[in-house]
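For reference, the structure discussed in these notes is given below.
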Amino acid sequence: MSLDQLKREAAAVALTFVQSGMRLGLGTGSTAKIFVDLLAERMKAEALTLICVPTSEATYQQALSLGIPLTTLDETPELDLAIDGADEIDPHLNLIKGGGAAHLREKIVEMAAKRFIVIADETKWVSHLGKFPLPLECAPFGLEATKRQLAKAIAAADCSGELVLRKRADGEIVRTDGGNVILDAKLGRITDPAKLATLLDGVTGLVEHGLFIGMAERAILATSSGIRTVTL
């Protein structure tokens, strides 16, 4: 099967965890987008009653166009379930997210949920995090000073690598929905994700990093040989 077909398989399995009456967090990215499409189809077919919180402006627009009822975390601060994709997943269900520049809102929504399920194709499963560049969302003000402090935190976690300001293909700097910028840390391998996350949390100027530690309760992976579910 193609990658898109594999993603659809994972999204379809995740959909079975959704029950009428839920408060649901909707993720961002290619796999999450497929999930939202399938969710809208099931809501119409089964007359499900749901209220959903999107994790990005892109997901908001998609859900709105599909007629999915939406709310905010200010109106609905506690969610029953969040379903989202990931850029990398390790055997401890630690994640790297942020390839779509939405990890700040994703983390806020997923921390507000009682349960968080990650969906992905088999290419996102890794033995160690770090091959995918770690997204670091930063305030634009004083970015070079923040960059220096980030480098120190990364070194203290026994990691090293280049910090690159994310730009679009046309050379324009990528801006998040919150108006911030992203430094991608090309670390190669993160030996202790929890330690790195703690050290990064102490850097002023960093708005949020893309390490999601101990948050996902299960990963639904679509592989060429079928669905693989990983829980701790």
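Of note:
- A Förster distance of 25 Å, applied to the separation of the beta-carbon atoms of LEU232 and LYS131, puts the FRET efficiency at 0.70.
- Computed E for THR16/ILE173 - FRET, C-beta separation, R0 35 angstrom, nearest 0.05: 0.30
- Neighbour counts of C-beta atoms inside 10 Å place SER20, SER160 in the sequence SER20, SER160, starting with the fewest.
- Kirkwood Rh, Cα atoms: Rg over Rh of the chain: 0.97
- Ranked HIS103, HIS209, criterion: other C-beta atoms within 10 Å, fewest first: HIS209, HIS103
- Just so you know, the Rg over Rh for the stretch 134-209 is 0.96, from Cα atoms, with Rh as the Kirkwood radius.
- Backbone amide hydrogens, once placed in the peptide plane, bring LEU81 within less than 5 Å of ARG23, GLY25, LYS114, ARG115, excluding anything fewer than 5 places away on its chain.
- The stretch 20-54 versus the stretch 102-117: alpha-carbon centroid distance in Å: 15 Å
- Here LYS186 is the anchor, and the lysines within straight C-alpha reach of less than 18 Å, apart from those fewer than 8 places off in the same chain, are LYS97, LYS124, LYS131, LYS147, LYS152, LYS167, LYS195.
- Inter-centroid distance (Cα atoms) of the stretch 140-182 relative to the stretch 76-100, Å: 21 Å
- Taking VAL230, VAL118 and counting other C-beta atoms within 10 Å, the order from fewest to most: VAL230, VAL118
- Each residue, PHE141 and ALA194, gets one label point 7 Å from its Cα in the Cβ direction; the gap between the two is 3.5 nm.
- Full extension of the chain between GLN61 and ASP4 gives 18.4 nm of extra length, using 0.36 nm per residue less the Cα-Cα distance.
- In the stretch 94-166, the chymotrypsin sites (Phe, Trp or Tyr not before Pro) that fall in loop regions by DSSP, at most 10 other Cβ within 10 Å: PHE141
- Over the chain: helical MRE at 222 nm, DSSP H runs n ≥ 4 each giving -39500 (n - 2.57), nearest 500: -9500 deg cm²/dmol
Coordinate-derived values only; no laboratory data. From a predicted model like this one, the values you see are computed outputs, not experimental measurements. Heads up, the Cβs are rebuilt from the backbone with ideal geometry, glycines too, and the neighbour counts pull from every protein chain shown.
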